[in-house]
1. If the reach is capped at under 27 angstrom between alpha carbons, list the lysines near LYS118, excluding any in the same chain fewer than eight residues apart.
2. Based on the Cβ-Cβ distance from TRP91 to LYS9, what FRET efficiency comes out when R0 is 35 Å, to the nearest 0.05?
3. Round to a whole number: what % of the accessible area of the chain belongs to carbon and sulfur, probe 1.4 Å?
4. Going by amide H atoms built from the backbone, whose H comes under 5 Å of the H on TYR14, apart from near neighbours?
5. Apply 1/(1 + (r/R0)^6) to the Cβ-Cβ distance of LYS291 and ARG194, taking R0 = 41 Å, and write down the FRET efficiency to the nearest 0.05.
6. Would you mind telling me which residue in ASN172, ASN73, ASN106 has the biggest mean-square fluctuation in a Gaussian network model of the chain, where springs connect alpha carbons within a distance under 10 angstrom?
7. Taking amide H positions as placed 1.01 Å from N in the peptide plane, with prolines and chain starts having none, which residues 5 or more places from LEU236, or on another chain, fall under 5 Å of its amide H?
8. Under 15 Å from the Cα of LYS251, which aspartates and glutamates turn up, not counting those fewer than eight places away in the same chain?
Amino acid sequence: GSTLQDAAKGSGRYFGTAIAASRLNDSTYSTIANREFNMITAENEMKMDATEPNQNQFNFSQGDRILNWAQQNGKQVRGHALAWYSQQPGWMQNMSGTQLRNAMLNHVTGVATHYKGKIYAWDVVNEAFADGSSGGRRDSNLERTGSDWIEAAFRAARAADPGAKLCYNDYNTDDWTHAKTQGVYRMVSDFKSRGVPIDCVGLQSHFNPQSPVPANYQTTIERFAALGVDVQITELDIEGSGQQQAENFRKVTQACLNVARCTGITVWGVRDTDSWRASGTPLLFDGSGNKKAAYTAVLDTL
Ligand code: XIL
């Protein structure tokens, strides 16, 4: 294929990007996004603070803009994210205990119901594990409601939208030997053995010199897939430039292609200037919308 989406389709996979609703009027941006990608993630617009700014008053205006743009252009959508410690609305940040548990479940149900039948996969829970060597959960107001909050969120999401794949999504879970990776693996294994509804694991895969593409990245993908879940690379960006950056993108793409259950790759933005990374050039298009060496490496590998 001559575009990322066409090349990915050749092996039955998708190639996606994060989209910001506020940039859709930028024609350079929307032209590239429409041409190259067939899976769309809302960069911020479907998060908890955006969709439930006041308790039980849902606002889907910006999320719907992205969904409508995707549908009008024949693209699928990854939902991101139903429950997360970060980007909570103010009212939720101050809650605890049963009240918070019920508010979280009401949120999961409300958002998944609004988008029922329209989402390929939901990141049901985002970033619930701790960094460092513990392999345990991250402390948060949600975690303090009881460690079963994650499975409760997955059950609520399944009940609201039985057709969506349900994913657990996190970062620094790319290196198979890392304690955080092992912690997530144990949770997914436990969910599968107990019948908690989970269909996929998202590896955010934000890479930089301090956190490079690990040599065992494909092993990580293989081990999760062997649990009976799909694996998706959900927020890929790699700091760097030139051929060295291109080689890292090539490695990530090849690792996904080598595992049947790695169903697609999403990059976290279109041009370098669209990236959430304040400085750096971690994406596939430069600020003018030109294809970088990294783009060519991905296209040639797909
Ligand atoms: C980021 C967005 O890109 C920024 O615009 C926002 O200010 C903060 O969140 N992990 C995730 C994403 O799951 O939702 C984050 O997105 C990046 C890290």
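1. Straight-distance partners of LYS118: LYS9, LYS47, LYS75, LYS165, LYS192.
2. 0.25
3. Carbon-and-sulfur percentage of accessible area, whole number: 44.
4. The answer is GLY264, ILE265.
5. 0.35
6. ASN73
7. THR266, VAL267, TRP268
8. Partners within reach: ASP174, ASP175, GLU222, ASP237, GLU239, ASP300.
The values are calculated or read from the model by the stated rules, or taken from the named source; none is laboratory data. A quick note: this is a predicted structure, and the numbers were derived from the prediction, not measured. Using ideal geometry, Cβ is built from the backbone for each residue, glycine included, and neighbour counts are taken over all protein chains shown. What goes into the accessible areas is simple: the full protein's heavy atoms, side chains included, and nothing from ligands, DNA or RNA. Shrake-Rupley method; radii C 1.70, N 1.55, O 1.52, S 1.80 Å.
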